[in-house]
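Undergrad: Here it is: the structure, laid out below.
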Ligand code: AMP
Ligand code: MG
């Protein structure tokens, strides 16, 4: 099977609907990263997501719904603060975890009694979800542990031959996965940081916890324990104030015939002034948007990616640092 990359139109939506109704997966764009979609009601379809990706079977999936879909048919309790956050930030890059009604396949939540739900804002994603009119279980459309895809070509490079269709919605504008927010407690609690930041949540509801796993305790967001987002070449991460050490490593590597590239933001690129640069751009938004694209470009050109963390470490950069740290973990 050769995977087709198709523009989002009547033909590709109809084809996707047929595939989804027959328990097959389709890749589709969102504003964060591309997703690998399957009918959340179908055990067979949901199980095939794990097979196609090689995803660990204890890492639960996010269910994506159209903005007009009835959330209360899927989850049993929606606290007031969650309604306020939904009003402020949805559709958008915010996944909310609720007590599940158990109406979707049990394979979606991997045995948890909760369900993670997201309403993406990407125009193509909304068209797809409206046309299919089903809750769609979807993780990122990459081979497990590889860098998440932010273009249709990235999906093709990972999954060619494994799925029939990639819906092409251009380069994702967000660039890192959604913020995952636990909405089962008295206060919201961030399980995975992303583009909707702690500060943005606090602005709307006053307070927001951030989950940090405690040794020996069952992890609340199982995906967080896995190696993720890794390019295929060697990597090393330096803090911003260690840029001189990063430059020294770059020089040594290239002197010894190891093709090294430095991945950093525009400001740092100007400071280090080396030839092989993977430039993430200037603003926080650009840095998040370009991160996975640059990691994928990097692995195709470099033997070794030397990443330098951005100077700014709060807001959206919390999510960027989380991904960068995992990408550079050995
Ligand atoms: P991915 O789809 O690969 O971006 O990963 C989805 C993320 O959402 C992982 O970090 C999961 O652990 C998390 N997640 C999905 N469902 C739940 C849930 N019911 N409770 C907590 N975390 C969840
Ligand atoms: Mg993923």
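Undergrad: May I ask you to order 273-280, 241-248 by the average number of other C-beta atoms within 10 Å around their residues, highest value first? Write down the numbers at each step before the final one.
TA: On the way: 273-280: 16.9, 241-248: 15.4.
So the peptides 273-280, 241-248, ranked by packing, come out 273-280, 241-248.
Undergrad: May I pose another question? Compute the length gained on full extension between residue 83 and residue 209: take 0.36 nm times their separation in residues and subtract their Cα-Cα distance, giving the result in nm to one decimal.
TA: Details: separation 126, 0.36 × 126 = 45.36 nm, distance 1.72 nm.
Additional length available on full extension: 43.6 nm.
Undergrad: Arrange the following residues from fewest to most other Cβ atoms within 10 Å of their Cβ: 184, 325. Before the final figure, lay out each step's value.
TA: On the way: 184 18, 325 14.
Arranged by neighbour count, lowest to highest, 184, 325 become 325, 184.
Undergrad: Working from Cα positions, state the angle (0 to 90°, nearest 10) between the long axis of helix 316-327 and the longest principal axis of the chain.
TA: 80 degrees
Undergrad: Please give the Cα centre distance for the stretch 38-56 versus the stretch 246-307, rounded to the nearest Å.
TA: 35 Å
Undergrad: Give the distance, in whole Å, between the Cα centre of the stretch 179-209 and the Cα centre of the stretch 155-172.
TA: First find each Cα centre; the distance between them is then 31 Å.
Undergrad: Counting other beta carbons within 10 Å of each residue's own, what order do 172, 189 fall into, fewest first?
TA: Values: 172 25, 189 20.
Lowest count first: 189, 172.
Undergrad: So how far apart, in nm, are the two label points at residue 244 and residue 272 if each is 7 Å from Cα heading toward Cβ?
TA: A separation of 1.6 nm, rounded to one decimal place.
Undergrad: Now for a different question. Tell me, how many Å apart are the Cα centres for the stretch 102-121 and for the stretch 16-35?
TA: Comparing the Cα centres of the stretch 102-121 and the stretch 16-35, I get a distance of 16 Å.
Undergrad: While we're here: What is the helix-to-structure angle for 10-21, meaning the angle in degrees between its Cα long axis and the longest Cα principal axis of the chain, kept from 0 to 90 and rounded to the nearest 10?
TA: Here the helix axis deviates by roughly 70 degrees.
Undergrad: Can you sort 220, 192 from fewest to most other Cβ atoms within 10 Å of each residue's own Cβ?
TA: On the way: 220 17, 192 20.
Least to most surrounded, the residues fall as 220, 192.
Undergrad: For a protection proxy built on the mean count of beta-carbon atoms within 10 angstrom, sort 55-65, 142-152 highest first, please.
TA: 142-152, 55-65
Undergrad: How much length is gained if the chain between residue 14 and residue 312 is pulled fully straight, taking 0.36 nm per residue apart and subtracting their Cα-Cα distance, in nm to one decimal?
TA: Details: separation 298, 0.36 × 298 = 107.28 nm, distance 4.48 nm.
The residue 14-residue 312 span can extend by a further 102.8 nm.
Only the coordinates and a few stated rules stand behind these numbers; no lab work does. Values in this document were obtained by computation on a predicted structure and should not be read as measured data. All Cβ positions, even for glycine, are placed from backbone atoms using ideal geometry, and neighbour counts span all protein chains on display.
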